[in-house]
Amino acid sequence: MLTKYIFFTGGVVSSVGKGVTAAALGRLLKERGFKVAVQKLDPYINVDPGTMSPYQHGEVFVLDDGAETDLDLGHYERFIDIRLNKVCNITTGQVYADVIGKERRGDYLGGTIQVIPHITNEIKRRIGLVAKATDAEIVLVEVGGTVGDIESQPFLEALRQLRSSLGRENSLYIHVTWLPYIGATGELKTKPTQHSVRELRSIGISPDMIVARSDYPIEDSLREKIGLFCDVEKRAVIPMVTTQLLYEVPLLLEEANVAELVLDRLGLEARIEPDWKEWKNMIREMNRPKPKAKIALIGKYVELHDAYMSVREALKHAALQVGVELDLEWIHSSDLEKGKCWDILESVDGILVPGGFGSRGIEGKIQAARFARTRKVPYLGLCLGMQLMVAEFGRFILNDERTNSTEFDHATPQPVIDLMPDQKEISDMGGTMRLGLYPCQLMPGTIAQKAYQQDLIQERHRHRFEFNNDYRQIYEENGMCFSGLSPDGRLVEIVELKDHPFMLSTQFHPEFLSRPNRPHPLFVAFMKAVCEHGNIACKKPEDSPAEKNAVQQP
Ligand code: GLN
């Protein structure tokens with residue numbers, strides 16, 4: 001079968017859920033037996049979001065192959081339950097770097113390098129790589145930003161050119177817009193949508209379908225109006241009213257018969273009947289009132305919840321599995337340093353310290369780890385959260401409060417977390433960390449091994465610093481167990497405390513592999529410990545079949 005393409009553009013405002021819409025449609029098509037992949041085109045000039053502040057961009061989502069990508073790729077992977085590839089995220093920076101590299105090599109000798117055709121050709125080439133790299137039959141391509149942004153123009157031009165080369169029956173254009181609500185008159189407005197479609201058409205793209213997002217129900221007459229003004233059939237104007245749960249979006253699109261319309265336009269027929277039983281049960285379970293499990297997330301970018309998107313989702317997935325509702329308290333680690341928020345910490349049944357970079361708020365996180373250890377509160381540390389658990393434990397057993405990671409104190413007398421020799425030579429900041437999947441051998445009988453029910457796992461990494469092996473023996477003698485190591489035994493991947501109900505941390509990021517209906521085993525183990533600590537009557541673990549097939553290894 002010739003690869004089919006579905007292109008998503010955004011109109012009116014950003015952040016209306018284009019990524020979730022693409023992810024949800026991907027799921028609808030997968031449910032009908034098609035192999036799908038999703039690609040995000042990001043118009044910014046950074047080569048990848050790896051060097052951007054999470055305040056600017058939200059979380060950096062890491063793939064198996066180590067690509068540092070946009071957080072929308074997390075939605076794609078979670079909704080469709082697929083594993084994507086580095087070709088699935090392109091930025092303007094990558095495209096230009098490639099073209100300029102070729103120019104310097106002399107590939108275009110004699111030519112003038114221009115946006116059209118050189119940049120647009122490179123964009124089209126990279127769109128073409130997805131099907132090859134993933135074997136996808138249908139490739140969904142989302143353009144970041146909204147129509148009218150200066151930066152996104154070359155991408156939209158490339159999409160325009162693709163219509164004629166791919167042909168109408170192989171390409172579909174979906175425009176996702178927003179209908180503002182005027183409180184005074186109590187009506188939804190379609191004018192901004194009309195304008196953004198006009199703008200899109202001035203570039204040469206006529207949408208085949210419009211997804212109209214709104215916080216209020218959208219009447220049929222409004223769909224008709226949008227259809228009329230934007231030259232789209234009424235049935236191709238898809239109302240998408242804000243849902244309480246993100247995971248309801250696929251069901252909403254299903255109800256609106258979007259998949260039938262899409263397949264029809266692409267000349268395809270469903271291969272199998274979609275089966276939403278499990279998904280619907282999941283939504284029902286999410287909506288069922290459940291006892292609350294209160295957990296503190298001690299972060300640096302807590303004002304922007306998107307900065308911890310996958311961590312929050314993984315906690316929710318695990319809570320669902322265990323039969324409780326996540327009650328997440330976002331605590332700024334520097335507040336703890338100022339003596340604030342300790343009452344909140346006192347009130348929670350679990351503490352999570354996620355990944356991070358830079359020294360701001362580090363001491364607050366170490367104090368949170370100390371609180372968890374001494375008060376026997378369940379603790380899950382992810383990457384930086386592990387390194388700080390190690391630093392805190394070191395301060396205690398080595399009796400030296402200057403014990404630290406050399407990332408935060410170059411001159412620490414006890415560098416318990418340090419750069420590996422091969423990282424010491426590197427001066428570039430972009431893409432030079434230990435990135436992507438690495439194997440980890442689990443030690444029998446440990447909390448980690450019991451959670452995974454496996455001996456060898458593979459998890460995604462994104463860090464520079466490692467546990468300093470000079471300290472392994474003394475840590476072990478004092479009650480820290482190295483329950484996960486790289487197969488050659490050189491790198492510490494998981495640590496856990498023996499004399500504690502649950503104090504476990506990972507050097508990798510388990511949150512990236514959690515799925516709504518297949519939660520990550522370490523998050524589930526943490527959540528159970530939380531329930532035990534808080535005496536929260538949760539569902540018994542026996543009634544959770546999904547647990548048996550937890551993290552799928554590649
Ligand atoms: N800053 C730490 C390192 O580079 C931790 C990174 C992270 O938490 N992702 O090793």
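What follows is calculated from the coordinates using simple rules that are stated; it is not laboratory data. The shown structure was predicted, so the numbers you read here are calculated from the model rather than taken from an experiment. Neighbour counts are summed over all protein chains in view; Cβ atoms, including those assigned to glycine, are modelled from backbone coordinates with ideal geometry.
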key: Vicinal HN-Hα couplings computed from phi for segment 303-310 (Karplus, 6.51 cos²θ - 1.76 cosθ + 1.60; Hz; Gly/Pro x)   = 4, 10, 4, 4, 5, 10, 3, 5
inquiry  = No solvent, one uniform scatterer per C-alpha: report log10 I(q)/I(0) for segment 276-362 via the Debye equation at q = 0.12, 0.13, 0.16 1/Å, two decimals.
reply    = -0.42, -0.48, -0.68
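Largest first and in whole Å, give the semi-axes of segment 140-280's equivalent ellipsoid, each being the square root of 5 times a Cα gyration tensor eigenvalue.
23, 23, 14
Just to verify a number: FRET efficiency for Glu233 and His305, C-beta to C-beta distance, R0 = 45 Å, to 0.05? Mind showing how you got there, number by number?
Details: r = 38 Å, r/R0 = 0.84.
Result of the calculation: an efficiency of 0.75.
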query = For segment 293-316, list residues with backbone N below 19 Å from a point placed 7 Å from the Cα of Arg360 toward its Cβ?
reply = 297-309
request  = Send over the Kirkwood Rh of segment 125-202, from the inverse of the averaged 1/r over different Cα pairs, rounded to one decimal Å.
outcome  = 14.8 Å
Two-site label geometry, Glu219 and Ser486: point separation in nm, points 7 Å out along Cα→Cβ = 6.4 nm
Three principal axis lengths of the chain [C-alpha, angstrom, descending] = 72, 63, 47
task = Could you list which residues have their amide H under 5 Å from that of Thr243, counting only those 5 or more apart in sequence or on another chain, with H placed in the peptide plane?
result = none
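Above 20 Å lies some portion of the pair distances; for segment 18-137, what is it as a whole percent of all C-alpha pairs? Let's see the in-between values first.
Numbers: 3362 of 7140 pairs.
Across segment 18-137, Cα pairs with separations above 20 Å total 47 percent.
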note = Per the Cα gyration tensor, segment 341-409 corresponds to an equivalent ellipsoid with semi-axes, largest first in Å, of 19, 14, 10
task = Would you mind computing, in nm to one decimal, how far apart the modelled labels at Ile182 and Val115 are, each placed 7 Å from Cα along Cα→Cβ?
result = 3.5 nm
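Per DSSP H run of n ≥ 4, the term is -39500 (n - 2.57); total these for the chain, divide by its residue number, and report the mean residue ellipticity at 222 nm rounded to 500 deg cm²/dmol. Write down the numbers at each step before the final one.
Numbers: 20 runs with 202 residues, N = 554.
The per-residue figure over the chain is -10500 deg cm²/dmol.
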request  = Evaluate Rg over Rh across segment 424-542, taking Cα atoms for both radii and Kirkwood's formula for Rh.
outcome  = 1.00
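Over segment 139-216, what relative contact order in percent results from Cα pairs under 8 Å that are six or more residues apart? Could you put the intermediate results ahead of the total?
Working: 76 pairs, mean separation 27.5, N = 78.
Computed over segment 139-216, the figure is 35 percent.
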remark   = So for segment 197-250, using the alpha carbon gyration tensor with a ≥ b ≥ c as root eigenvalues (a/c under 1.5 gives rounded; past that, a/b versus b/c decides prolate or oblate), I'd call it prolate
key: Size of charge dipole - segment 47-111 - debye, nearest 20, with Cβ of Lys, Arg +1 and Asp, Glu -1, no other charges   = 260 debye
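Please identify the GluC sites (Glu not before Pro) of segment 284-343 that satisfy two criteria: DSSP loop assignment and at most 12 other Cβ atoms within 10 Å. Which are they? Could you put the intermediate results ahead of the total?
On the way: sites: Glu285, Glu303, Glu313, Glu325, Glu329, Glu337; in loops: Glu303.
Hits after loop and neighbour filter: Glu303.
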remark   = Relative contact order of segment 1-117 (C-alpha contacts under 8 Å, at least 6 apart) in percent is 27 percent
remark   = Taking alpha-carbon centroids only, segment 467-503 lies from segment 1-77 a number of Å equal to 36 Å
ask   = In terms of modelled amide H atoms, which long-range or inter-chain residues lie less than 5 Å from the amide H of Val176?
value = Thr9, Gly10, Gly11, Val211
query = What number, in percent, do you get for the relative contact order of segment 291-332 if the mean sequence gap of Cα pairs under 8 Å and at least 6 apart is divided by its residue count?
reply = 68 percent
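Counting DSSP beta bridges in the chain, what percent are antiparallel, to the nearest 5? Intermediate results must be reported in sequence, preceding the final value.
On the way: 25 of 75 bridges.
Counting only bridges with both partners in the chain, antiparallel ones make up about 35 percent.
A 22 angstrom limit on the alpha carbon distance is what I want to check against. Which of Lys132/Lys280; Lys450/Lys528; Lys292/Lys539; Lys338/Lys365; Lys290/Lys528; Lys277/Lys539 exceed it? Don't jump to the answer; show the numbers that get you there.
Numbers: Lys132/Lys280 33 Å; Lys450/Lys528 13 Å; Lys292/Lys539 12 Å; Lys338/Lys365 12 Å; Lys290/Lys528 14 Å; Lys277/Lys539 20 Å.
Going by Cα-Cα distance, Lys132/Lys280 fall outside the 22 Å limit.
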note = For segment 393-427 the trypsin sites (Lys or Arg not before Pro) that pass both the DSSP coil test and the at-most-16 other-Cβ-within-10 Å test are Arg402
